[in-house]
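Asker: This is the structure I have questions about; it appears just below.
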Number of protein chains: 2
Amino acid sequence: MNPVDALDFSKAGGHVAAIALDDATGEVLMVAWMNEEAFRRTIETGEVHYWSRSKDRLWHKGEESGNTQKLRSLFIDCDGDAVVLRVEQLGGAACHTGKRSCFFRRLESGEWVDEGVQVFDPADVYGR
Amino acid sequence: MNPVDALDFSKAGGHVAAIALDDATGEVLMVAWMNEEAFRRTIETGEVHYWSRSKDRLWHKGEESGNTQKLRSLFIDCDGDAVVLRVEQLGGAACHTGKRSCFFRRLESGEWVDEGVQVFDPADVYGR
């Protein structure tokens, strides 16, 4: 069986949810989407590709910032509509804000508190 | 500001992705969906509620199995379309298969390998 056959792209408009974890620490870095091509390219190249809903195209993570993700291992969930990727995050940050993780805000007493680790200045990396 | 205002339900048909982690170990247990009501009920009750796409209704996780999830902390991502929930998983298993995590299959040399920890027999819990 081709591994892609276990994926169910039908539930979210041709995509599965993809959760990237830092392979060294297990920290959740980001959540994005994969279509079939993104999944295949990730497997074939060992570099994580997503489907960008905002750009509406295949997205080689880090193509602009250089902060690519090297795939270390990949898991699929029970019903095949989500994958977990354990990655080596080059540059040390997954988020376009320059934070290590996109999940840098925690709910505390009804307020979102920024607990993020700032790794780079996005103005330096993206020039904006 | 109401914390729900930071959530963007528009990108996935009224839902945000919700990733549940075991608060003690950080292991990813499952990925599901929340609509606004599921988010509010989770915050208000301290027990995790999702929107079930298969049942097409609000889903109090564990309502059938008794394996509810006690919310320990909650994070939101940079663009507000995903949340991470750190939970205490009652019964020790999040997956309807009786595995501890839904992500029990790892890709190895092009094959999905079951590495899951079987916590309960679903026939005992669901009677089917």
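The values are calculated or read from the model by the stated rules, or taken from the named source; none is laboratory data. Treat the numbers as computed from the prediction; the structure is a model and nothing was measured. Counting neighbours? That spans all protein chains shown, and the Cβs are built from the backbone with ideal geometry, glycine included.
Asker: For A:ARG86, state whether it is more than 10 Å from chain B (Cβ to nearest Cβ) and in contact (Cβ under 8 Å) with a residue 40 or more places away in the chain.
Answerer: When the stated conditions are applied, A:ARG86 does not pass them.
Asker: Oh, and also: Name the residues in the stretch A:62-74 that are in contact (Cβ under 8 Å) with a residue 24 or more places away in the chain and within 18 Å of A:GLU88 (Cβ to Cβ), would you? Spell out how you get there, then give the answer.
Answerer: Taking the stretch A:62-74 first, the residues in contact (Cβ under 8 Å) with a residue 24 or more places away in the chain are A:62, A:64-67, A:69-74.
Selection gives A:GLY62, A:SER65, A:GLY66, A:ASN67, A:GLN69, A:LYS70, A:LEU71, A:ARG72, A:SER73, A:LEU74.
Asker: Also: Does B:CYS95 satisfy the criteria of being of a type outside the set (Lys, Arg) and without any contact (Cβ under 8 Å) to a residue 40 or more places away in the chain? Steps first, please.
Answerer: Working: of a type outside the set (Lys, Arg): yes; without any contact (Cβ under 8 Å) to a residue 40 or more places away in the chain: no.
For B:CYS95, the condition - of a type outside the set (Lys, Arg) and without any contact (Cβ under 8 Å) to a residue 40 or more places away in the chain - is not met.
Asker: Mind listing just one residue for me: the one in the stretch B:5-31 that is under 18 Å from B:THR42 (Cα atoms) and more than 18 Å from the chain's Cα centre (by Cα) and, of those, nearest to the other protein chains (Cβ to nearest Cβ)?
Answerer: My answer is B:ALA6.
Asker: From the list B:SER65, B:SER52, B:SER73, pick out the single residue that is hydroxyl-bearing (Ser, Thr, Tyr), within 24 Å of A:MET30 (Cα to Cα) and at pLDDT below 95.
Answerer: B:SER52
Asker: Filter the stretch A:96-119 down to the residues that are β-branched (Val, Ile, Thr) and touching a helix residue (DSSP H, G or I) at 6+ places or on another chain (Cβ under 7 Å) and list them by number.
Answerer: Correct list: A:THR97, A:VAL119.
Asker: Could you list all residues from the stretch A:94-121 that are under 15 Å from B:ARG86 (Cβ atoms), within 8 Å of chain B (Cβ to nearest Cβ) and in a loop (DSSP other than H, G, I, E, B)?
Answerer: Result: A:PHE103, A:PHE104.
Asker: Further, regarding this structure: Show the residue pairs meeting these rules: Cβ distance below 7 Å; 6+ apart or different chains; first residue within the stretch A:115-128 and free of Cβ contacts under 8 Å to residues at least 40 places away in the same chain and surrounded by 13 or more Cβ atoms within 10 Å (Cβ to Cβ); second residue assigned to a loop (DSSP other than H, G, I, E, B) and of a type in the set (Phe, Trp, Tyr).
Answerer: Hits for this filter: A:GLU115/A:PHE104; A:GLY116/A:PHE104.
The rows are residues; the columns are (1) surrounded by fewer than 22 Cβ atoms within 10 Å (Cβ to Cβ); (2) over 13 Å from the mean Cα position of the chain (by Cα).
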site	(1), (2)
B:GLU36	yes, yes
B:GLU47	yes, no
B:SER65	yes, yes
B:ALA94	no, no
